[in-house]
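The values are calculated or read from the model by the stated rules, or taken from the named source; none is laboratory data. Quantities reported herein were computed from a predicted structural model and do not represent experimental measurements. Here Cβ is always computed from backbone atoms with ideal geometry, including for glycine, and neighbour counts include all displayed protein chains.
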């Protein structure tokens, strides 16, 4: 899963946009439910064991450009909602799947919606010939929706940090802690 790199640099602009959007927010009604289905891309930035016969050698997982994500959010108020998110990415070496739930805050203005969410859930990673690894995980991120016509928005972007507590202690000896718990 991606590792956090200099988060303050990447969070400054989205936070500034969220503040600006809140200042210009209109009194439009929020839909009770909104749904997103679309493409997703994953840069794992992870090195994990991929073969039980050679578990001491970690392999850097490639980016997983094939992916699909779906999110349904029930909006309790104009600002707050509860999201259920499912996503999957795959590559020749394996796949990564997430199923998460958590709060979403969305600042809406005329024709624009900026959101942030934090979710917890289940993650699965299949890498190489090793069995799939299941773990608890978290997603923290946000994005921007632009209105195309009434009731239909285009997700201009969404960027998420995905974390998973994956363990390989059954195939990697204790003297290699970075491969036993690579996240």
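So that you can scan it fast, the table gives a plain yes or no per residue for (1) in contact with a strand residue (DSSP E or B) (Cβ under 9 Å, 6 or more places away or on another chain); (2) at pLDDT 85 or above:
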residue: 22; (1), (2): yes, no
residue: 29; (1), (2): no, no
residue: 51; (1), (2): yes, no
residue: 57; (1), (2): yes, no
residue: 62; (1), (2): yes, no
residue: 77; (1), (2): no, yes
Considering only residues that are more than 12 Å from the chain's Cα centre (by Cα) and touching a residue at least 40 places away in the same chain (Cβ under 8 Å), which ones fall in the stretch 146-164? 151, 153, 155
Taking residue 106, is it at pLDDT 95 or above, buried (at least 21 other Cβ atoms within 10 Å of the Cβ) and more than 11 Å from the chain's Cα centre (by Cα)? yes
For the structure I just gave you, tell me whether residue 96 is over 20 Å from the mean Cα position of the chain (by Cα), at pLDDT below 95 and part of a strand (DSSP E or B). no
If we scan the stretch 63-82, do we find a residue that is part of a strand (DSSP E or B), surrounded by 17 or more Cβ atoms within 10 Å (Cβ to Cβ), in contact with a helix residue (DSSP H, G or I) (Cβ under 8 Å, 6 or more places away or on another chain) and in contact (Cβ under 8 Å) with a residue 24 or more places away in the chain? no
Out of the residues in the stretch 119-133 that are surrounded by fewer than 16 Cβ atoms within 10 Å (Cβ to Cβ) and modelled with pLDDT of 90 or more, which is farthest from residue 164 (Cα to Cα)? 120
Single match in 154, 163, 149 (criterion: surrounded by fewer than 13 Cβ atoms within 10 Å (Cβ to Cβ) and over 15 Å from residue 71 (Cα atoms)): 149
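Results for (1) more than 20 Å from residue 172 (Cβ to Cβ); (2) assigned to a strand (DSSP E or B), shown as yes or no for each residue.
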{"position": "117", "(1), (2)": "yes, yes"}
{"position": "124", "(1), (2)": "no, yes"}
{"position": "130", "(1), (2)": "no, no"}
{"position": "134", "(1), (2)": "no, yes"}
{"position": "138", "(1), (2)": "yes, yes"}
{"position": "141", "(1), (2)": "yes, yes"}
{"position": "144", "(1), (2)": "yes, yes"}
